[in-house]
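This report concerns only the one structure given below.
The values are calculated or read from the model by the stated rules, or taken from the named source; none is laboratory data. Because the structure is a prediction, the values reported are computed rather than measured. Cβ atoms come from the backbone with ideal geometry, glycine included; neighbour counts cover every protein chain shown.
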Amino acid sequence: MNALVGDNGAGKSTLIKGLAGIYEFDEGQVYFDGEPVSIKRPQDASDLGIEVVYQDLALADNLDVVANMFLGREEMNGVVLNETAMEATARQTLDSLSVKTLQSVRLPVAGLSGGQRQSVAVAKAVMWNSRVVILDEPTAALGVAQTRQVLDLVRTLADRGLGVVLISHNLHDIFEVADRITVLRLGQGVGVFNRRETTQQEVVHAITAGTLKHVPGMADDDD
Amino acid sequence: MTTDKPKGEFGLDAQPESTAEYLRSKWINIKTGDVGSAPIVVGIVLILIIFRSLSENYLTAFNVVNMQLQAAGLVTIAIGVVFILLIAEIDLAIAFNSGIAGVLTVLLLRPDVAGWPWWAAILAGLVTSSLLSLVMGLIVTRAGVPSFVVTLAGNLALSGIVLILTTQFSQAGTIRIEDPIVVGIAGTFMAPAVSWILLALGLALSAFLTYRTMQIRTKQGLATTPMPVVLTTYAGVTAVAAVIIGYSNTDRGVPLLALIVGGFLWFWTFMLQRTRFGRHVLAIGGNPEAARRAGINVERVRVIVFTLAGFMAGAGGIILASRLRSVSPSAGGGSLLLDVIAAAVIGGTSLFGGRGRVSSALLGALVITLINNGMDGLGLNSGVKFVVTGLVLLGAVLLDALSNRRSTS
């Protein structure tokens, strides 16, 4: 599990939106399994097996849990939505992730708590045999117990062998679950740390004062 | 507590629900902003009681058939409005767009203008109103101009076209329909036996589909709507339909329009609730950004919704023209715009997008028709009608705003 950290405006969310196909990258190359790939649309990302759980959740409040989990990829029975198949798969996925607090997958998402919504968003991402799940600030708006619930869920994903990229401001959370920590500063990678060999101070130093290859607004001088 | 439920965590989904649990999940729906159609049904009953107590003539068979004819055009146009509101847009040109379809169809039928056969004239009217809405939808989505402004401009321009077309071919602007088939759209009534057979067929088909769904869900171990609830719903719907049909048959019979509008309602309900398109419409209304990230082509769905609303407006315009047996410069004007938007909102479709049903077009149009007809019967002037309709609309919008606040808090 890779954690992506950085100060506000470091470019974390922009980077993952590019990986998800929401923005197109202007330059640079994305490698997946060592192969150069191009991601231009959300469809390209999901074809590769990249799923993103967004900070602002990206759930439609008026739809129920099943409809949200299958949004844009509904299972069909001819021209008709195959509701029973979708409902059964949604429940299986939530079950396999040990999401225990949902009473019904047929209730509108508007009625769920923050932790439950986050669980739905995560379950939505893993349901598609995804290989990499990117979580953008999954615990930012949650209370203590709910954060616990989501971190456990994230750890479950990593233990299943999925690639997990966790974006967070909370170093405490990151040191608890991540294996590797990548630091972004002003849009550039300034360090990769192994969680077992580093300290919070070292990471904080990289976030606030990591060495930049070039400083925006100043001429590049390669040393 | 879920401890007594063998299937574990999804207590409410895992087994056939009891009636109490069903009511409980409905209550959760209400708390999250979905008030359903209960308030409106109560409202309709109150309206019936009030006007019946004020006038002997209100619920005569003759007037009941008339009200079905009056509501038909409104329901048809309001179905399109429901879809527009579901994606959190507005179409202020919808009424005059319906007028355009009516006027164009009638003109093309006239031997002295074009003399087209009835089907070609109707098709031309429907295609024209669909295309007009398609263009407005494209402007809204491509240029990013708010639909409020685009369709306000469209409203003015289309009212001008109606005026130009009608006064072009007739001094007074009133053009009669001579074609028996187009007149027959609103002027045909079903024989009693036909209406009863259609009711029986409709019920049988619907019961069969419900039964099959329940069977499939039970096999998958999924919850089904409890039998008492299903039976009560069917008993209620059958009773209401039987009373209306039986009563109408003592006068001219059930209008053919009831069948046409029923077909529209069934088709668009199916589209909204059972197809991928409908699911995407609801998602865009609820959270357009989520829809976009899910890979839905949001712009395309919005343009399709505008176009289908234009189509339904065209169909409604032709129905209205057929009922009046003529078109005039006021086709699509008057209080039609207010009435169709009010119908959708009063029926329970939210102005904030994402919440609503096709059936709200029917329920809301019924309320408006019942009130208008009742006040006409009492000889009240238009001023009073506007005030009352305005107040009913205000009440519906307040209810909508309150339930919206509940769902977002």
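When each of A:T89, A:T93, A:T101 is tested for being among the hydroxyl-bearing types (S, T, Y), more than 7 Å from chain B (Cβ to nearest Cβ), under 19 Å from A:P138 (Cα atoms) and more than 19 Å from the chain's Cα centre (by Cα), the lone residue that passes is A:T101. Hey, can you tell me all the residues within region A:40-86 that are under 24 Å from A:D26 (Cβ atoms), in contact with a Ser or Thr (Cβ under 9 Å, 6 or more places away or on another chain) and without any contact (Cβ under 8 Å) to a residue 60 or more places away in the chain? Scanning region A:40-86 gives a single hit, A:D44. State yes or no: is B:T269 under 26 Å from B:I245 (Cβ atoms), hydroxyl-bearing (S, T, Y) and surrounded by fewer than 21 Cβ atoms within 10 Å (Cβ to Cβ)? Yes: the conditions hold for B:T269. Residue count for region A:37-53 under the criterion of being under 15 Å from B:A290 (Cβ atoms) and touching a helix residue (DSSP H, G or I) at 6+ places or on another chain (Cβ under 7 Å): the result is 4. Take the conditions touching a Ser or Thr at 6+ places or on another chain (Cβ under 9 Å), buried (at least 21 other Cβ atoms within 10 Å of the Cβ) and closer than 30 Å to A:H205 by Cα and apply them to A:G21. Does it pass? Taking the combined requirement at face value, the residue does not satisfy it. When A:S98, A:S119, A:S113 are screened for being under 30 Å from B:Q273 (Cβ atoms), surrounded by fewer than 22 Cβ atoms within 10 Å (Cβ to Cβ) and among the polar types (S, T, N, Q), only A:S113 passes. Against the numbered list (1) surrounded by 18 or more Cβ atoms within 10 Å (Cβ to Cβ); (2) among the hydrophobic types (A, V, I, L, M, F, W, C); (3) under 28 Å from B:I216 (Cα atoms), A:V79 comes up short only at (1).
May I ask you to list the residues in region B:209-260 that are in a helix (DSSP H, G or I) and hydroxyl-bearing (S, T, Y)? Within region B:209-260, B:T210, B:Y211, B:T213, B:T218, B:T232, B:T233, B:Y234, B:T238, B:Y247, B:S248 qualify. Taking (1) out of contact with any strand residue (DSSP E or B) (no Cβ under 9 Å at 6 or more places or on another chain); (2) more than 14 Å from every other protein chain (Cβ to nearest Cβ); (3) more than 23 Å from B:A20 (Cα to Cα) in turn, B:P228 satisfies each apart from (3). Only one of the numbered conditions (1) under 23 Å from A:N170 (Cα atoms); (2) more than 14 Å from chain B (Cβ to nearest Cβ); (3) of a type in the set (A, V, I, L, M, F, W, C) is violated by A:L19, and that is (2). Among the residues of region B:290-334, those that are assigned to a helix (DSSP H, G or I), of a type in the set (K, R) and away from every other protein chain (no Cβ under 14 Å) comprise B:R302, B:R323. Within region A:184-198, the only residue that satisfies the criterion of being surrounded by fewer than 12 Cβ atoms within 10 Å (Cβ to Cβ) and at pLDDT below 80 is A:R196. In this structure, does B:T233 turn out to be in contact with a Pro (Cβ under 9 Å, 6 or more places away or on another chain) and either of a type in the set (S, T, N, Q) or more than 14 Å from chain A (Cβ to nearest Cβ) (or both)? The answer is no for B:T233.
From the list A:V53, A:V65, the lone residue that is more than 8 Å from chain B (Cβ to nearest Cβ), at pLDDT 85 or above and crowded, with 24+ Cβ neighbours inside 10 Å is A:V65. For region B:199-225, a residue qualifies if it is touching a Phe, Trp or Tyr at 6+ places or on another chain (Cβ under 9 Å), more than 14 Å from chain A (Cβ to nearest Cβ) and over 29 Å from B:N63 (Cα atoms), and the qualifying residues are B:S206, B:A207. Across region B:58-83, what is the number of residues that are in contact with a helix residue (DSSP H, G or I) (Cβ under 6 Å, 6 or more places away or on another chain) and polar (S, T, N, Q)? Within region B:58-83, residues that are in contact with a helix residue (DSSP H, G or I) (Cβ under 6 Å, 6 or more places away or on another chain) and polar (S, T, N, Q) number 3. Of the residues making up region B:304-331, those that are polar (S, T, N, Q) and more than 16 Å from the chain's Cα centre (by Cα) are B:S322, B:S326, B:S328, B:S330.
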